[in-house]
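Note sheet for the following structure.
The values are calculated or read from the model by the stated rules, or taken from the named source; none is laboratory data. Quick caveat, the model's predicted, so the values are computed rather than measured. Here the Cβ is made from the backbone with ideal geometry for all residues, glycine too, and neighbour counts use every protein chain on show.
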Amino acid sequence: MFLFKKANALHLYIRQLHQQHFPVAFIPTMGALHAGHLALIQLAAKDGYHTVCSIFVNPTQFNDPRDLEKYPRTPEKDIELLVSVGCTVLFLPTVAEVYPSDLEQPTFEFDYLEKILEGAFRPGHFRGVAQVVSRLLDLVQPDALYMGQKDYQQVAIIQSMLQQLHSTVKLVMAPTLREADGLAMSSRNVRLTPDFRRIAPVIFQTLVHAKQQFQQGYAPAEIQQYALQKLITAGLKPEYFELVDGKTLLPIERFNDSKSVVACTAAWAGEVRLIDNLLLKS
Ligand code: AMP
């Protein structure tokens, strides 16, 4: 694996790949890698791409400075893991490399999409995500971008961003990888206390239960109420549990109105904020 810290050196290497007509897939991450991240790289490799992974804890997407400060950082272990799955390139830039003072940045319009669900609780978060992904795409110039379903709304935001940029980059959404007990893998899971680690799988159990209720014909409002109560009873503090249209991400009142339906939730497990989602109808 090649490791680049400087955008110039990365750019030269990627140019060589393009000259040799090797297709390139980009997998942006914030590090503290786990099997979910590695699955994205493996999927891209299986699809025939050379893989470029970035590790960059992007300050502009953290609305809470304490969250940024506490974000786990494990660079040595990350490098080992990336080598173990045959990643082609790791880009490990500094903040100054990603955001030089003379950088001109595009502006995007996400309308309601950045204000609902995660956006309602993390103001400015998706602006920061779009800012960093567009900048990294500029540097990496990939043919494809692989992202996890775990961050469903993020994928929708990036899809919209690509459309606004008239980009030809292919966006691939990969399924969420879970621990054996159903908890969605996340870099934040290492910060769970043993008690909250035990309780946290209730999030996935609640999503699965919502899917069962959906199949049994319960109304969206009933499913939502039941789910919020189940999370609270388990000792979690849910911020939202919403049933939304899989394409527009707008809340649904009647299931018949939507071709695809996804249940999205965010809940605090002690000091750690966890998110998850499940397709109820695809
Ligand atoms: P992050 O490092 O949390 O910014 O995540 C980097 C990429 O990995 C994003 O596209 C995430 O959606 C994806 N990802 C994170 N956790 C998982 C998971 N458990 N399964 C699949 N993809 C994931």
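Here is how the numbers come out for the structure above:
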item	result
Pick from the range 255-282, criterion among the basic types (Lys, Arg) and more than 18 Å from the chain's Cα centre (by Cα), ranking: surrounded by the most Cβ atoms within 10 Å (Cβ to Cβ)	Lys281
Tally of residues being within 18 Å of the chain's Cα centre (by Cα) and farther than 25 Å from Ala44 by Cβ across the range 71-120	8
Unique residue being crowded, with 20+ Cβ neighbours inside 10 Å and either acidic (Asp, Glu) or closer than 30 Å to Thr107 by Cβ (or both) when the list is Met173, Met161	Met161
Wholly enclosed helices (runs of 4 or more DSSP H) of the range 118-219 bearing at least 3 residues touching a residue at least 24 places away in the same chain (Cβ under 8 Å), in contact with a Pro (Cβ under 7 Å, 6 or more places away or on another chain) and within 16 Å of the ligand (Cβ to nearest atom)	125-140
Top-ranked residue of the range 53-89 - restricted to ones that are among the aliphatic types (A, V, I, L, M) and touching a Cys at 6+ places or on another chain (Cβ under 8 Å), ranked as nearest to the ligand (Cβ to nearest atom)	Leu82
Among (1) of a type outside the set (S, T, N, Q); (2) out of contact with any helix residue (DSSP H, G or I) (no Cβ under 8 Å at 6 or more places or on another chain); (3) at pLDDT 95 or above; (4) not in a helix (DSSP H, G or I) - the single one Lys259 does not satisfy	(3)
Residue in the range 247-254 that is touching a residue at least 40 places away in the same chain (Cβ under 8 Å), crowded, with 19+ Cβ neighbours inside 10 Å and touching a Ser or Thr at 6+ places or on another chain (Cβ under 7 Å) present	no
Number of positions in the range 18-52 that are part of a helix (DSSP H, G or I) and within 13 Å of the ligand (Cβ to nearest atom)	10
